[in-house]
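S.K.: The structure's right below; bear with me while I get my questions together.
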Amino acid sequence: MTPAQRASRLFGERFDAAPAAVWAAPGRANLIGEHTDYNAGYVLPFALPQVTAAAVAPADDGWTVCSEGHDGTVSFGPENLSPGGVSDWAAYVAGVVWALNEAGVKVPPARIAIASDVPIGAGLSSSAAMECAVLAALVDLGGATLPAQYQARLAQRAENEFVGAPTGIMDQSAATLSRAGQALFLDCRTLAVEHIPFDVAAAGLAVLVVNTNAPHRHVDGEYADRRAVCEASARTLRVPALRDVSVAGLPDALGRLDEVAARRVRHIVTENQRVLDTVKILRTGDIAAIGPLLTASHDSMRDDFEITVPEVDTAVSAALKAGAYGARMTGGGFGGCVLALVDAADADAVASAVASAFEAAGFAPPDSFVVAPSQGAYRAL
Ligand code: ADP
Ligand code: MG
């Protein structure tokens with residue numbers, strides 16, 4: 001059963017009624033451009049085939065939500081609709097209702113049932129998938145139409161301001177705006193988006209995602225530290241954001257920073273350029289040729305930005321050794337997933353090579369799966 005069918009079934013079980021609509025929104029992987037978002041730079045995510053589905057129907061008063069794998073239901077009313085008013089996983093749903101209210105978008109009180117096949121907490125953005133599915137479903141239920149980019153912005157507000165997670169606009173943009181066979185080139189300063197051809201299957205290639213299952217370590221503190229160093233460095237360099245430092249201007253900039261800040265800045269500046277270079281190559285249609293850029297991105301995250309962990313480094317080395325064109329950690333770091341660009345015929349062999357390397361290193365087994373760039377939020381039932 002698809003997540004949409006499971007959400008519909010769960011709705012029936014918990015509410016003894018049929019949903020009025022079921023919407024689905026995908027998780028995402030970032031092809032390249034890590035930690036560039038809050039430096040006003042570029043990112044290049046694509047949507048996964050894995051989705052979170054939200055089955056909804058209007059209710060008389062108040063909201064009641066449930067999610068597969070969580071016992072019972074959580075209820076909240078208008079009195080809970082301010083940041084801090086709902087806790088735990090249901091805060092992501094309440095945050096969406098709050099953000100819609102704040103924007104003056106009329107949506108009716110609703111019952112909501114959620115089911116997902118996006119791995120949770122693995123850096124594939126299950127949080128944005130859930131927000132965007134719920135948001136699209138509620139907007140539909142309210143008979144409103146909102147531009148997709150505005151929906152992404154409201155879902156981001158839910159996560160930033162209601163849940164309290166300081167994330168950029170990438171995840172929600174990918175979950176709403178993506179198109180099958182394409183990556184989403186996003187300028188985080190202007191919010192301009194472009195769809196870039198990335199039809200791996202048609203090229204005989206595959207993207208292998210390896211969920212390292214590595215426990216996330218100190219993510220919040222490390223994220224805050226990297227962000228603070230980037231912002232302080234931009235002030236030292238007297239630029240609005242590190243996006244305004246070019247690769248040509250890098251040697252001069254690095255000379256004005258301490259050793260650690262210089263390495264952090266070098267990652268951001270070269271990573272922004274790698275996103276632009278990747279887009280340029282993808283436009284030529286030679287997908288395999290982006291491999292060295294992916295691997296260079298990983299090296300930069302490992303050595304300069306220092307956000308990798310032994311599990312992700314092991315997965316990248318093993319994938320490259322097994323013949324991947326390129327491989328890198330995807331997501332904010334300190335655990336999470338790796339993606340490898342491989343010949344479609346080699347995907348299983350690369351996955352096995354990574355699993356063997358994990359066993360040899362004494363790590364818990366990884367989960368590997370092939371993904372194709374997929375579409376953003378859609379009405380599923
Ligand atoms: P990621 O977005 O990388 O998966 P996050 O920590 O940002 O990781 O978001 C994970 C959180 O989102 C979960 O801990 C949970 O609170 C919420 N969440 C995501 N998907 C679901 C779901 N299907 N049901 C309930 N909660 C979910
Ligand atoms: Mg998330």
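The values are calculated or read from the model by the stated rules, or taken from the named source; none is laboratory data. Bear in mind the structure is a predicted one, so any value in this text is a computation, not a measurement. Note: ideal-geometry Cβ built from the backbone for every residue, glycine included; neighbour counts use all protein chains shown.
S.K.: Quick test for you: out of 245, 207, 200, 229, pick the one residue that is β-branched (Val, Ile, Thr), at pLDDT 95 or above and more than 25 Å from the chain's Cα centre (by Cα).
M.R.: Among 245, 207, 200, 229, only 245 is β-branched (Val, Ile, Thr), at pLDDT 95 or above and more than 25 Å from the chain's Cα centre (by Cα).
S.K.: Still on this structure, please answer the following. Taking the range 1-52 on its own, how many of its residues are in a strand (DSSP E or B), small (Gly, Ala, Ser) and more than 18 Å from residue 379 (Cα to Cα)?
M.R.: Looking only at that region, the number is 1.
S.K.: Pick out the one residue from 196, 169 that is of a type outside the set (Asp, Glu), away from ligand 2 (no atom under 16 Å from the Cβ) and surrounded by 18 or more Cβ atoms within 10 Å (Cβ to Cβ).
M.R.: Exactly one residue qualifies, and that residue is 196.
S.K.: Here is a follow-up. Residue 274 fails exactly one of the following numbered conditions: (1) in contact with an Asp or Glu (Cβ under 7 Å, 6 or more places away or on another chain); (2) surrounded by 19 or more Cβ atoms within 10 Å (Cβ to Cβ). What is the number of that condition?
M.R.: (1)
S.K.: Does at least one position in the range 194-207 carry a residue that is assigned to a loop (DSSP other than H, G, I, E, B), out of contact with any strand residue (DSSP E or B) (no Cβ under 6 Å at 6 or more places or on another chain) and under 30 Å from residue 343 (Cβ atoms)? Working first, answer last.
M.R.: At the first step, the residues of the range 194-207 found to be assigned to a loop (DSSP other than H, G, I, E, B) are 198-200, 204.
The next check asks that each one be out of contact with any strand residue (DSSP E or B) (no Cβ under 6 Å at 6 or more places or on another chain); those that pass are 199, 204.
So of that shortlist, the ones also under 30 Å from residue 343 (Cβ atoms) come out as 199, 204.
Among the residues of the range 194-207, at least one is assigned to a loop (DSSP other than H, G, I, E, B), out of contact with any strand residue (DSSP E or B) (no Cβ under 6 Å at 6 or more places or on another chain) and under 30 Å from residue 343 (Cβ atoms), which makes the answer yes.
S.K.: While we're on this one: Is at least one residue of the range 217-238 hydroxyl-bearing (Ser, Thr, Tyr), under 26 Å from residue 290 (Cα atoms) and not assigned by TED's automatic domain parsing to the domain that holds residue 42?
M.R.: no
S.K.: Residues that are under 22 Å from residue 349 (Cα atoms): which helices (runs of 4 or more DSSP H) entirely in the range 245-337 hold 3 or more of them?
M.R.: Counting at least 3 such residues, we get 291-303, 310-321.
S.K.: From the residues in the range 113-151 that are β-branched (Val, Ile, Thr) and within 16 Å of ligand 1 (Cβ to nearest atom), which one is surrounded by the fewest Cβ atoms within 10 Å (Cβ to Cβ)?
M.R.: Out of the qualifying residues, it is 120.
One line per residue, one yes/no per condition, for (1) under 24 Å from the mean Cα position of the chain (by Cα); (2) of a type in the set (A, V, I, L, M):
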position: 102; (1), (2): no, no
position: 105; (1), (2): no, yes
position: 117; (1), (2): yes, no
position: 122; (1), (2): yes, yes
position: 130; (1), (2): yes, yes
position: 135; (1), (2): yes, yes
position: 138; (1), (2): yes, yes
position: 144; (1), (2): no, yes
position: 148; (1), (2): yes, yes
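S.K.: So, residue 26, is that one over 27 Å from residue 161 (Cβ atoms), at pLDDT 95 or above and crowded, with 24+ Cβ neighbours inside 10 Å or not?
M.R.: Spelling it out, it is not the case that residue 26 is over 27 Å from residue 161 (Cβ atoms), at pLDDT 95 or above and crowded, with 24+ Cβ neighbours inside 10 Å.
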